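Beneath this line is the structure, given in structure tokens, with notes to follow.
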Amino acid sequence: MASLHIVLVEPEIPQNTGNIARTCAVTGASLHLVGPMGFTPTDSRLRHAGLDYWRFLSLHQYDSLSEFFEKNTGNFFFFSTKAQCRHSDLSYPDNAYLFFGKESAGLPERLLFENPDRCVRIPMLDGARSLNLSNSVAIGVFEVLRQWDYPELECRGELRSYDWAAAKAAHPHSEFL
């Protein structure tokens, strides 16, 4: 599978980070946490939001952005409400790193200014401040995976109490079955 990385720069809300950890765990993306953080890795709110998915997660932690950049190379993309380009207008190659900033301020503007061709925005209504961080990460992750045709992900589900074949037979003209 191609390599996808989510980088959270100075996350502040443990529940958001726990939800993001769960998204990473079910999609195979690695999670990189860059400090300082507004919580500790043992925070019960963080663990609870991630439920029992932590064992599926590839987790990396750094004290600072400079430490992160010393240890990682790849294709960096910076998600920000301040960006000029839509997140869906770029192609994301293997070894993509999607960066997201802290809930109260986003990514450092200097980082955005130094990487204008790698800054992307999720479209939203004018005047709306921003989406929730965990929702933004999910949108970014699934745009990348859509472009990659969802490698190694299960794309079809099964009912517990019914059979899809029976549904198809009962509704032969349905375009969804």
**OP:** Report yes if some residue within segment 63-80 is in contact with an Asp or Glu (Cβ under 7 Å, 6 or more places away or on another chain), buried (at least 16 other Cβ atoms within 10 Å of the Cβ) and either assigned to a helix (DSSP H, G or I) or at pLDDT below 95 (or both); otherwise report no.
**Re:** no
**OP:** Please list, ordered by first then second residue, the pairs with beta carbon atoms under 7 Å, 6 or more apart or interchain, first in segment 113-141 and over 18 Å from LEU4 (Cα atoms), second of a type in the set (Val, Ile, Thr).
**Re:** ARG121/THR81; ILE122/ILE139; SER130/THR81; LEU131/ILE122
Original post:
Which of the residues that make up segment 115-131 are modelled with pLDDT of 95 or more and polar (S, T, N, Q)?
Top reply: ASN115
Subject >> Only one of VAL7, VAL26 that is surrounded by fewer than 17 Cβ atoms within 10 Å (Cβ to Cβ) and within 12 Å of the chain's Cα centre (by Cα) >> reply: VAL26
Original post:
Can we say GLU103 is surrounded by fewer than 16 Cβ atoms within 10 Å (Cβ to Cβ) and among the acidic types (Asp, Glu)?
Top reply: no
Original post:
Got a number for residues in segment 109-154 being assigned to a helix (DSSP H, G or I), within 16 Å of the chain's Cα centre (by Cα) and either hydrophobic (A, V, I, L, M, F, W, C) or closer than 22 Å to THR17 by Cβ (or both)?
Top reply: 13
Original post:
Got at least one residue in segment 133-154 being exposed (fewer than 12 other Cβ atoms within 10 Å of the Cβ) and among the hydrophobic types (A, V, I, L, M, F, W, C)?
Top reply: no
Original post:
When both residues are 6+ apart or on different chains and their Cβ atoms are under 8 Å apart, which pairs have a first residue that lies in segment 61-89 and is farther than 19 Å from ARG110 by Cα, and a second that is small (Gly, Ala, Ser) and part of a strand (DSSP E or B)?
Top reply: GLY74/ALA96
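The values are calculated or read from the model by the stated rules, or taken from the named source; none is laboratory data. None of these values were measured; they are calculated from a predicted model. All Cβ positions, even for glycine, are placed from backbone atoms using ideal geometry, and neighbour counts span all protein chains on display.
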